[in-house]
Amino acid sequence: MLPGALYVWSYERQTGLWGINLPDRLIRFLGVSALFHVVAAPATYWLWFSWIRDGELRAAGHLPWGLYAGLLSYAVVPIAVGSYLGGSDRSLARFVQGDQKPPRAWDYFFAREPDGWMRLKLHTGKWIGGAYGEGSFASGYPESQEILIAEAADIDPDTGEFRLNTDGSVSLRGSQLLVAWDDVQYLEFIDA
């Protein structure tokens, strides 16, 4: 089950954890492990034929260093394939994982990797916000909801209006914001 487990964990690290429960995960571990073993069967047969059947391993007393690379690939290849397929193409991820909707509106919104301006009204009544895009991050299911806004903007804390520079661009503060969703009453997103 190790190759399947490593593949699925690497894949889910890229696509998210929703839409799969423990029985589904175990079936995927087994199925993917079987596929990796089918692909590795010729190498496994050669190892058995060359080293075990003829007693070469017993005679040598240890594995040659070159075979350790093959054993290492037993872990590295599933991790690499899972990471690549999970991060390469969302349509491929939907085909493999199924067309599962994210469990929360939060995950649905941030799964599309939005790029724009975010204003957040806190439970205290104050407004904060900034540019959400490259370098920004939102945690995903099942973790607690948090947002990292890459570029904090200068916002009027009472009205939520973005303050502008003399050239009409939004005034940035040169800092980032990390916000827990539990502190937020309202979020507005404006596409860039």
Mind checking which pairs have a first residue in region 1-12 that is free of Cβ contacts under 8 Å to residues at least 60 places away in the same chain and a second that is assigned to a helix (DSSP H, G or I) and surrounded by 24 or more Cβ atoms within 10 Å (Cβ to Cβ), Cβ under 7 Å, 6 or more apart or different chains? none
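Report, by residue number, each residue of region 141-192 that is of a type outside the set (Asp, Glu), part of a loop (DSSP other than H, G, I, E, B) and either within 18 Å of Arg104 (Cα to Cα) or touching a Pro at 6+ places or on another chain (Cβ under 7 Å) (or both).
Of everything in region 141-192, those that are of a type outside the set (Asp, Glu), part of a loop (DSSP other than H, G, I, E, B) and either within 18 Å of Arg104 (Cα to Cα) or touching a Pro at 6+ places or on another chain (Cβ under 7 Å) (or both) turn out to be Tyr141, Pro142, Ser144, Gln145.
Residues to consider are Leu92, Leu148; find the one that is at pLDDT below 85, of a type in the set (A, V, I, L, M, F, W, C) and under 30 Å from Tyr7 (Cβ atoms).
Details: Leu148 fails: at pLDDT below 85.
The match here is Leu92.
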Under 8 Å between Cβ atoms, at least 6 apart or on separate chains: pull out the pairs that start in region 162-178 with a residue that is under 12 Å from Ala131 (Cα atoms) and touching a residue at least 40 places away in the same chain (Cβ under 8 Å) and end on any residue that is open to solvent by less than 70 Å² (accessible area, probe 1.4 Å) and among the basic types (Lys, Arg). Phe162/Arg119
Just to be sure I understand, how many residues within region 118-140 are in contact with a Pro (Cβ under 8 Å, 6 or more places away or on another chain) and surrounded by fewer than 16 Cβ atoms within 10 Å (Cβ to Cβ)? 1
Among the residues of region 149-167, what is the count of those that are open to solvent by 50 Å² or more (accessible area, probe 1.4 Å) and within 30 Å of Pro102 (Cα to Cα)? 1
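Determine if region 101-110 includes at least one residue that is modelled with pLDDT of 95 or more and either within 25 Å of the chain's Cα centre (by Cα) or aliphatic (A, V, I, L, M) (or both).
Applying the first criterion (modelled with pLDDT of 95 or more) to region 101-110 yields none.
No, region 101-110 contains no residue that is modelled with pLDDT of 95 or more and either within 25 Å of the chain's Cα centre (by Cα) or aliphatic (A, V, I, L, M) (or both).
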Just to be sure I understand, how many residues within region 45-83 are modelled with pLDDT of 80 or more, among the β-branched types (Val, Ile, Thr) and open to solvent by 70 Å² or more (accessible area, probe 1.4 Å)? 1
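The values are calculated or read from the model by the stated rules, or taken from the named source; none is laboratory data. No experiment lies behind these values; they were computed from the predicted model shown. With ideal geometry, Cβ positions are generated from the backbone for all residues, glycine too; neighbour counts draw on all protein chains shown. For the accessible areas, the whole protein counts, side chains as well, though only heavy atoms, and no ligand, DNA or RNA atoms are used. Shrake-Rupley method; radii C 1.70, N 1.55, O 1.52, S 1.80 Å.
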